[in-house]
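Okay, structure first, notes after.
The values are calculated or read from the model by the stated rules, or taken from the named source; none is laboratory data. Predicted model, so just to flag it, every value in this text is computed and none were measured. Positions of Cβ are generated from backbone atoms using ideal geometry, with glycine treated the same way; all protein chains shown enter the neighbour counts.
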Amino acid sequence: MALISFVVPAYRVQGYLRECLDSILGQPVAGIEVIGVDDCSPDSSGEILAEYAARDQRVRTIALPANGGLGPARNAGLEQAGGEYVWFVDGDDWLAPECLVEVAERLRATTPDVLVVDHVRAWWNGDSTQSGMREVFPSSPGSATFRLRERPELIRLLHTAWNKVLRRDFLLEHGLRFAPGWYEDVSFTYPLLLRAQRIGVLDRVCVNYRQRRAGAITRTRGNRHFEVFGQWHRVFALLDEVDAGEDDLRPALFERMIWHYLAVLGTGERIPADLRPAFFVRIAADHARWRPAQGQPVPPGVEGLKHRLVATGRWRTYNALRGAARIRGIAAHTTRRARRGAVPLLRRVRDAGLREYYRAELLRPVDPRLAVYAAYWYRGYACNPAAIYEAARRLAPHVRGVWIVRRDRVDSLPAGVDYVVSGTPAGYRALAQARWLVNNVNFPNFVRKRPGTVHVQTHHGTPVKVMGLDQQRYPVGALMDFAGLLHRVDRWDYSITSNSFSTQMWERAYPAAYTTLEVGYPRNDRLATATTEEVLRIRAELGLGVGEQVVLYVPTHREHLPGYRPPFDPDRFLAALGPAGRLLVRSHYFDDRAGTAPDSAYPDRLRDVSDHARVEDLYLAADVLVTDYSSAMFDYAVLDRPIVVYAPDWAAYRLTRGVYLDVLADPPGAVATDFAGLLDLFRSGALRAPSAEAARRRFRDRFCRLDDGHAAERVVRRIFGVDAAGASPAS
C-alpha cells in the first residue's frame, strides 16, 4: 500500500499541470501514487496526464465522460485511491521541494486523521504571501494531535482541501465526500474537522497556492458565487446533528462564515453590480438564521462595523463604506504610480509631439479595411506576419495590408509591399487607425486597444527557454518590466500557436483573456509545401552545389551573457565535414546580423547568412541543422531532415535562463554537449543513426502535426472573417 495517494483533478490547467505533477513525482520519498482526473477538460490537460502515466508507473488516470466540477472529480479520484492517506492537490498548484520528507515522517509518527500543512500564495507577478498559520498558532503547533474543540482556532485557517493530508479509512468511515458546485471545500473541510479525533498541524510550507491572473474561479464574475450559501448551510446542518457538547464551536464557525461571505462579496471582482444587493440580503438572512444563541462577539474596527451592518441589513450604508475604502485605495495607488513613473516620463518627453499626434489620430474613425503588420520590433518583412500577409492578399483582398519597418530596413522589403516607417507621423497614424494589428512581438506600450480592433500575436517560435511571467523565477528576468508586459498582453485578441506544447506554455507565461488559435505556424507553410525545384533554385541562388552537404548552424541569443560566442571552430568543423561540406552560420536577430562567421581557411565553404531576409530559404537549402536552444529546431523538423543539438552550456543555461523543454532528454535528433562530441557525430555519421531518426520522429509527432501547409489560411479565415468559399464581409 502506498503511503499517500495524490488526487489531482485537471480542468483547464494545461499551462500549469506539468509543474504540479513534477513537484509531486520529484519528491525524494517512496510510497506515493498519483491519480490524475481529467474532468472532461477542453484543453490538453487529459493528454498531459496520459503522457505522465505512460512513462511513470506511479501515475494512473481517470477520464470523466462529462465535466462535473472540482468536487465530483476529487470524489472520483478518491474512489480509486489505494494509499493510507489521500492528498487532494489542484492541478495548477505545486508542492515545495522535499516537503514530503517531513510530511511522511509526521504521518508515520502520529497517524493523524487529518494533517494540516502550511502554504504560501504564489502570485502571478512573482510575489508570495504567507498564510495565516503564524497568526492562528503564534507558537509552533507541535507534533501532538488534538480534536477541533480543543483547538477551535484551527477554524481560522484556510478552508481548502489541498492544505490537508487525510487518512483514507477515516474519510470512508464517515462517508466524507465533496458536494457539487463552487466553494465545495467549505462543506468538505469543516465536517471532516468536526469528525476527526486526531488532527495534526505541520508548520512547514508544503503547497504553493497559485494566484492566477486569468482563469481562476475567484476572478470570474457571475451568479454561481451564490452557491457559497448552500455549502455553508451543509456545514451548519451537520453542526446541528452533532451532540450538544460540540455547540461551543458554533461561534467560531459563524464568524468564519460571515467573513467568507463578505470576502466573496468583496470589491466586485466576483459578484456583478446588479447582483450585489441580493447577495448582501442572503448574507443578512444567514446572519439571522445561524447566529449563535449565546450571542456573537463583534470583531473590532472596520470588520466589526461590517458585521453590524450585515446584522441590521443596511446594504446602502455597507456599499457606501466599501466605496469610500475603494476611493482611498485608488488615491494611494495613483500616488505610488506617479512616483514610479517619474523617470520614464522624462524619457518620453522627446516623443511628446508624436504621441500627441497619435492621440489626435485616435479620435478619427478606425479604418475598416486597414491591417498593420510588423515583425521583430520593426526589423522588416518576416516570420508569421509575412506569411499571414501573403495569405490575406490572396484570400482577403478587401483588407489593405501595411507594414511598419525601421528606416534602415526599408530596402529589405519585397517589391510591392506597402509600408510606413516607424517613429514617423505615418507610422503613428497607421497604428491609430488600423482595424487589425498583426505582430510576432508586442507593439509599444503607448499603442491603445481601440474598440472594434483586433490584435493578433503570432509569436515567433515554439519556446525552449522560459518566457513572459515565467522569467521571474530566473536571474535574467529580474530586469524585465512585467507590468508593462502584461499591459501589452491584455491587448491581444488572438494568440497563434503551432502545437499544444506552445499553447500550454503561453497560457501561463502570458495570462490574459485572449483566444488561442492552435493552428500551426503560418511561416512553416512554405516548408511543408516546398517542391524539389524550389529547393534546388534556392541552393543555386546561395551558390550551393547539388552534391554538397550543407549544414546550417543557428545558435540562440544569450541575453544574460553579452558578447557570448559558443565554443565552435568553423575550420575544424568544415574539416570534419570533408571537402563536400558547406557551412552556413546565422546569428540571432538580437545581434542585428553582425559578423558571426570569423575569417576561415575555407572561405569558399563558409558563409555568414545572418543578414539573409528569409530564414525559411536557409532551412530549405540546408541538409542538416545544428542548433542549441533555438526555436529553429521546431521549424526545421517540418522538413524531416537531421537535426543536431549542440548544447555546450546546457547546465548553466538551464539554471540561469530557464527552459520548458529538456533538449537532452527529448531531443529532435542527435545530441552533443562539447565540440569534440559534435565533430564525432559528423565524422561517424551518428547524426543519422537509427536512434537519432527515432528521436526526430517522436519530436515531429509531438510538435509538427499542425504544420500541413495551411496554417496561414486558417488564421486569415478566422481573423479577417473569410468563409470557406473565399467570400469576405461586405464591410
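Against the numbered list (1) surrounded by 15 or more Cβ atoms within 10 Å (Cβ to Cβ); (2) modelled with pLDDT under 95; (3) farther than 23 Å from residue 414 by Cα, residue 598 comes up short only at (1).
Do the conditions hold for residue 529, that is, is it β-branched (Val, Ile, Thr) and without any contact (Cβ under 8 Å) to a residue 60 or more places away in the chain? Spelling it out, it is not the case that residue 529 is β-branched (Val, Ile, Thr) and without any contact (Cβ under 8 Å) to a residue 60 or more places away in the chain. In this structure, is residue 462 out of contact with any helix residue (DSSP H, G or I) (no Cβ under 8 Å at 6 or more places or on another chain) and of a type in the set (Ser, Thr, Tyr)? It is false that residue 462 is out of contact with any helix residue (DSSP H, G or I) (no Cβ under 8 Å at 6 or more places or on another chain) and of a type in the set (Ser, Thr, Tyr). Taking region 355-389 as the range and being touching a Leu at 6+ places or on another chain (Cβ under 6 Å) and part of a strand (DSSP E or B) as the test, only 372 passes. Considering only residues that are loosely packed, with under 13 Cβ neighbours inside 10 Å and at pLDDT 90 or above, which ones fall in region 114-131? Hits for region 114-131 are 129, 130.
Considering the conditions (1) at pLDDT 95 or above; (2) more than 28 Å from the chain's Cα centre (by Cα); (3) buried (at least 19 other Cβ atoms within 10 Å of the Cβ), residue 197 is excluded by exactly one of them, (3). Among the residues making up region 133-185, those that are of a type in the set (Val, Ile, Thr) and part of a loop (DSSP other than H, G, I, E, B) are 145, 160.
Considering only residues that are among the aliphatic types (A, V, I, L, M) and in a helix (DSSP H, G or I), look in region 420-431 and name the one that is surrounded by the fewest Cβ atoms within 10 Å (Cβ to Cβ). Ranking the candidates gives 426 first.
In region 264-290, the residues that are in a loop (DSSP other than H, G, I, E, B) form Cβ pairs under 7 Å with partners that are crowded, with 19+ Cβ neighbours inside 10 Å and aromatic (Phe, Trp, Tyr), at six or more places apart or across chains, as follows: 271/279.
One line per residue, one yes/no per condition, for (1) surrounded by 13 or more Cβ atoms within 10 Å (Cβ to Cβ); (2) of a type in the set (Val, Ile, Thr); (3) modelled with pLDDT under 90:
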{"residue": "284", "(1), (2), (3)": "yes, no, no"}
{"residue": "301", "(1), (2), (3)": "no, no, yes"}
{"residue": "315", "(1), (2), (3)": "yes, no, no"}
{"residue": "320", "(1), (2), (3)": "no, no, yes"}
{"residue": "325", "(1), (2), (3)": "no, no, yes"}
{"residue": "330", "(1), (2), (3)": "no, yes, yes"}
{"residue": "335", "(1), (2), (3)": "no, yes, yes"}
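Among the residues of region 503-532, those identified as closer than 23 Å to residue 636 by Cα and charged (D, E, K, R) are 518, 523, 525, 526. Note on region 492-508: among residues that are more than 18 Å from residue 720 (Cβ to Cβ) and either of a type in the set (Ser, Thr, Tyr) or without any contact (Cβ under 8 Å) to a residue 60 or more places away in the chain (or both), the one that is surrounded by the most Cβ atoms within 10 Å (Cβ to Cβ) is 498. Comparison of 415, 434 shows that the only residue that is buried (at least 19 other Cβ atoms within 10 Å of the Cβ) and not hydroxyl-bearing (Ser, Thr, Tyr) is 434. Going by the structure shown, is residue 96 among the small types (Gly, Ala, Ser), crowded, with 21+ Cβ neighbours inside 10 Å and under 28 Å from residue 469 (Cβ atoms)? The answer is no for residue 96. Within region 1-15, the set of residues being more than 22 Å from the chain's Cα centre (by Cα) and part of a loop (DSSP other than H, G, I, E, B) comprises 1, 2, 3. Listed by position, the strands (runs of 3 or more DSSP E) enclosed by region 16-102 that each have at least 1 residues that are closer than 21 Å to residue 501 by Cβ and of a type in the set (S, T, N, Q) are 59-63.
Taking region 387-404 as the range and being touching a helix residue (DSSP H, G or I) at 6+ places or on another chain (Cβ under 8 Å) and of a type in the set (Phe, Trp, Tyr) as the test, only 403 passes.
Kindly evaluate residue 476 against the criterion of being within 27 Å of the chain's Cα centre (by Cα) and within 24 Å of residue 354 (Cβ to Cβ). So residue 476 fails the test.
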